[in-house]
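To start, the structure itself, in structure tokens.
The values are calculated or read from the model by the stated rules, or taken from the named source; none is laboratory data. Note that the structure is predicted; figures quoted are calculated from it, not measured. Note that we place each Cβ from the backbone using ideal geometry, even for glycine, and neighbour counts take in every protein chain shown.
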Amino acid sequence: MSSPLIVQQSEFIALCDQILDAGIVAFDTEFVSEFTYRPELSLLQFAFNGKEVAVDPYEVSDLSPWWEIMTNDSTRVVVHGGREEVRFCRHFSGKKPQNLVDLQVAEGLRSRSFPISYTALVARVLNENAGSKETRTDWRRRPLTQQQIKYALDDVKFVLKIWKLQEKELTDLGRITWGDAEFQRMIDEVDSEFHRENWRRLSGLHKLKPRELAIIRELFEWRDEVAQEKDQPARRVLRDDLLIELARRKPTTTQDLIATRDLNRKNMFKLAPELIQRIAKAQQIPNDQLPQHIDNPNNQQNQDEQVIGKLLGIALANRCAEMNVAQTLVGTAADLRQLVRYHVYKEHSEEKPRLMVGWRAEVCGDLLTDVLDGKISMRVADLESDHPLHFERLE
């Protein structure tokens, strides 16, 4: 295996056997996402036992030996910002990784840096230069140059060294279980993308009525089906903003539909009957079966949630600075509003707030609920400190 690029199935199988023997491996991928329904896997990179190697998926037709490794619990797979790697694993194997570590997440549990780029992380932790990323490369084109392969292998070259240092510090801080929990949460979040109502992630839904939400749901599903069939990015079939516009306008004829700006394209004449049919289908849904807004941003309670959430955000920022952990990893504005709904407004139909369970509860759970209950006051104690607030328990 003298070449850094594997193009033979037999060599790939030998590589996987070596990875199994090593028990730990750095993993990264190169892909292109602009032209296909799903990102197109174009290169796999591995590092273990002091060596780096890349695999050409266009030449090695059966990658299942690797996905079997990634989904067993005996081999630790270390990635950086590895959501796409988890997606590839889930797509190609139908299963989730079982022993995954993410350097980006780990760094956020021992510093306030999250997310942090791989280049910046290598420089900070090892004082090394990982080189510049080939951001403009079309990784589908062959042959790959030696320079491209070198850049790709740099992405795994330092991964295991960094994880060794991170693992020791997280263990010393008593936070290694935090990492295990957070790696699993990241995996579960990616896995949930294969099940959830992804149409609800569109921007601008809060301005729509329930009937219009039903149209959006129907058109989103239609767009996804067409995109899969044509193997195109969904937004190339129909942009998000045009989905919103069609839901508002509710066209009933082809002429009505193409009267919308940017829909008077040649290919729309062919697709128009399907779109009209889907809109009509949504129009026939009984009122009591229409989708509802999960969150109504216009009601008074929600406005109060945002104000109180901002107050809690100040307390959370101070606590995270004090404990040297990334606030963006501990809790988002949505997490704070969920805590307000649960603790102040007693909306217990939702799951227990993330900030009240697991390692996050250790960081801030009692502090934030005590602030909400008026048991703690805050004051500025040290303007020179990076955590200038002081919390005082009231008698």
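Residues in region 215-249 that are part of a helix (DSSP H, G or I), of a type in the set (A, V, I, L, M) and closer than 17 Å to Ala282 by Cβ: how many? Walk me through how you get there before you give the answer.
Going through region 215-249, the residues part of a helix (DSSP H, G or I) turn out to be 215-230, 234-237, 240-249.
If we keep only those that are of a type in the set (A, V, I, L, M) as well, we get 215-216, 219, 226-227, 234, 237, 242-244, 246-247.
Pick out the ones that are also closer than 17 Å to Ala282 by Cβ and you get 215-216, 219, 226, 242-244, 246-247.
Result for region 215-249: 9.
Checking each residue in region 170-180 for being assigned to a helix (DSSP H, G or I) and touching a helix residue (DSSP H, G or I) at 6+ places or on another chain (Cβ under 9 Å) picks out Leu170, Ile176, Thr177, Trp178, Gly179.
In this structure, is Ala152 crowded, with 16+ Cβ neighbours inside 10 Å, in the same structural domain as Arg38 (by TED's automatic domain parsing), part of a loop (DSSP other than H, G, I, E, B) and among the aliphatic types (A, V, I, L, M)? Even if it seems obvious, please write down each step before you answer.
Working: crowded, with 16+ Cβ neighbours inside 10 Å: yes; in the same structural domain as Arg38 (by TED's automatic domain parsing): yes; part of a loop (DSSP other than H, G, I, E, B): no; among the aliphatic types (A, V, I, L, M): yes.
Here the answer is no, as Ala152 does not meet what is asked.
Which of the residues belonging to region 242-278 are surrounded by 13 or more Cβ atoms within 10 Å (Cβ to Cβ) and of a type in the set (Asp, Glu)? Scanning region 242-278 gives Glu245, Asp256, Glu274.
Restricting to region 56-106, and then to whatever is among the acidic types (Asp, Glu) and more than 20 Å from the chain's Cα centre (by Cα), can you tell me which residue is surrounded by the most Cβ atoms within 10 Å (Cβ to Cβ)? Reasoning before the result, please.
Here is the first cut: in region 56-106, the ones among the acidic types (Asp, Glu) are 56, 59, 62, 68, 73, 84-85, 102.
Checking the rest, the ones that are also more than 20 Å from the chain's Cα centre (by Cα) come to 56, 59, 62, 68, 73.
Working: Asp56: 18, Glu59: 14, Asp62: 11, Glu68: 14, Asp73: 8.
Per the criteria, the residue is Asp56.
Considering only region 168-198, state which residues are of a type in the set (Asp, Glu) and either under 27 Å from Ala214 (Cβ atoms) or touching a residue at least 12 places away in the same chain (Cβ under 8 Å) (or both). Working first, answer last.
The initial filter retains those residues of region 168-198 that are of a type in the set (Asp, Glu), namely 169, 172, 180, 182, 188-189, 191, 193, 197.
Answer for region 168-198, where residues must be of a type in the set (Asp, Glu) and either under 27 Å from Ala214 (Cβ atoms) or touching a residue at least 12 places away in the same chain (Cβ under 8 Å) (or both): Glu169, Glu182, Asp188, Glu189, Asp191, Glu193, Glu197.
If a residue has to be modelled with pLDDT of 90 or more, among the small types (Gly, Ala, Ser) and on the phi < 0 side of the Ramachandran plot to count, how many in region 335-381 make the cut? Final tally of qualifying residues: 1. So which of Thr75, Thr71 ends up being over 23 Å from Arg140 (Cα atoms), touching a Lys or Arg at 6+ places or on another chain (Cβ under 8 Å) and among the hydroxyl-bearing types (Ser, Thr, Tyr)? Residue meeting the stated conditions: Thr71.
Suppose we filter region 365-381 for residues that are part of a helix (DSSP H, G or I), among the hydroxyl-bearing types (Ser, Thr, Tyr) and loosely packed, with under 15 Cβ neighbours inside 10 Å; how many remain?
Here is the first cut: in region 365-381, the ones part of a helix (DSSP H, G or I) are 365-372.
Subset that is among the hydroxyl-bearing types (Ser, Thr, Tyr): 369.
Now narrow it down to the ones that are loosely packed, with under 15 Cβ neighbours inside 10 Å: none.
Result for region 365-381: 0.
The single residue among Glu392, Glu322 that is more than 23 Å from Gln303 (Cα to Cα), in a strand (DSSP E or B) and among the charged types (D, E, K, R) turns out to be Glu392.
Scanning region 330-342 for residues that are surrounded by fewer than 21 Cβ atoms within 10 Å (Cβ to Cβ) and either acidic (Asp, Glu) or within 20 Å of the chain's Cα centre (by Cα) (or both), we see that the one that is nearest to Gln166 (Cα to Cα) is Thr332.
On the basis of being farther than 28 Å from Phe92 by Cα, in the same structural domain as Asp224 (by TED's automatic domain parsing), at pLDDT below 95 and not in a helix (DSSP H, G or I), does Ser203 make the cut?
Yes.
Looking at region 230-255 only, could you name the residues that are in contact (Cβ under 8 Å) with a residue 12 or more places away in the chain and charged (D, E, K, R)? Step through it out loud before you land on a result.
From region 230-255, those in contact (Cβ under 8 Å) with a residue 12 or more places away in the chain are 230-234, 237-248, 250-254; that's our starting set.
Those that are in contact (Cβ under 8 Å) with a residue 12 or more places away in the chain and charged (D, E, K, R): Lys230, Asp231, Arg239, Asp240, Asp241, Glu245, Arg248, Lys250.
Scan region 7-21 and tell me whether some residue there is in a strand (DSSP E or B) and buried (at least 21 other Cβ atoms within 10 Å of the Cβ). Checked region 7-21: no residue is in a strand (DSSP E or B) and buried (at least 21 other Cβ atoms within 10 Å of the Cβ).
Looking only at residues of region 343-364 that are of a type in the set (D, E, K, R) and closer than 17 Å to Asp180 by Cα, we find that the one that is surrounded by the fewest Cβ atoms within 10 Å (Cβ to Cβ) is Glu362.
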